Each structure stands twice: as C-alpha cells, then as structure tokens.
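Below is one structure, written out as structure tokens; the observations come after it.
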Amino acid sequence: MARERPDYRERLAYLREKYNRSFLTVPEVAKELGVCARTIKAMIERRCDPLPAVRMSTSKTNRRYLVSLESIAKL
C-alpha cells in the first residue's frame with residue numbers, strides 16, 4: 001500500500017474550502033498546479049499511472065474530464 005503524502009490532508013482541506021465541491025475541470029486543475037491544461041490532459045490519458053478522472057464527453061476530438069480533489073491533493 002502506498003504511503004500518504006505528509007501534507008495530503010492539509011492540501012485536501014484547503015482545496016475543499018477553496019472550491020466547495022468534489023471535482024474540478026482540467027483548466028482549474030492546471031491553474032491550481034501551475035501547469036498547462038495540455039499537461040493535465042496528458043497525465044489523464046497516459047497508459048502508465050494515469051491521473052484518475054471522470055470522462056464527461058464521448059467525442060474523441062473534444063474530451064472533457066473532471067478530476068477529484070483527492071487525486072489533486074495526492075500530486
């Protein structure tokens with residue numbers, strides 16, 4: 001079993017207080033982590049150790065995802 005990050009619970013509490021919901025869009029995740037939205041999409045779509053996300057559209061050209069706060073706090 002993987003160990004929890006030392007600051008995981010604090011980061012999760014911060015994200016819950018800031019956003020007041022359970023999931024964020026890819027642009028919101030990118031802004032929170034300080035990276036490009038393409039980087040987040042690549043992390044979601046990679047084969048090895050992908051970032052857990054819920055796919056919200058069926059279109060292959062315009063994929064939309066939601067990422068849980070728990071997944072973001074683990075990064």
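The values are calculated or read from the model by the stated rules, or taken from the named source; none is laboratory data. Remember, it's a predicted structure, so these values are computed and weren't measured experimentally. No Cβ is skipped: glycine too gets one built from the backbone with ideal geometry, and neighbour counts run over all protein chains shown. Each accessible area value is taken on the protein alone, full model and side chains, heavy atoms only, with ligands, DNA and RNA left out. Shrake-Rupley method; radii C 1.70, N 1.55, O 1.52, S 1.80 Å.
Side notes on the structure shown:
- Picking from residues in the range 17-27 that are among the polar types (S, T, N, Q) and assigned to a loop (DSSP other than H, G, I, E, B), the one that is most open to solvent (accessible area, probe 1.4 Å) is Asn20.
- Count of the range 28-75 residues, restricted to those that are open to solvent by 30 Å² or more (accessible area, probe 1.4 Å) and either of a type in the set (D, E, K, R) or within 22 Å of Glu10 (Cα to Cα) (or both), is 22.
- Listed by first and then second residue, the pairs linking a residue in the range 1-22 that is farther than 15 Å from Ser71 by Cβ to a residue that is open to solvent by less than 70 Å² (accessible area, probe 1.4 Å), with Cβ atoms under 8 Å apart and 6 or more places separating them unless they lie on different chains, form an empty list.
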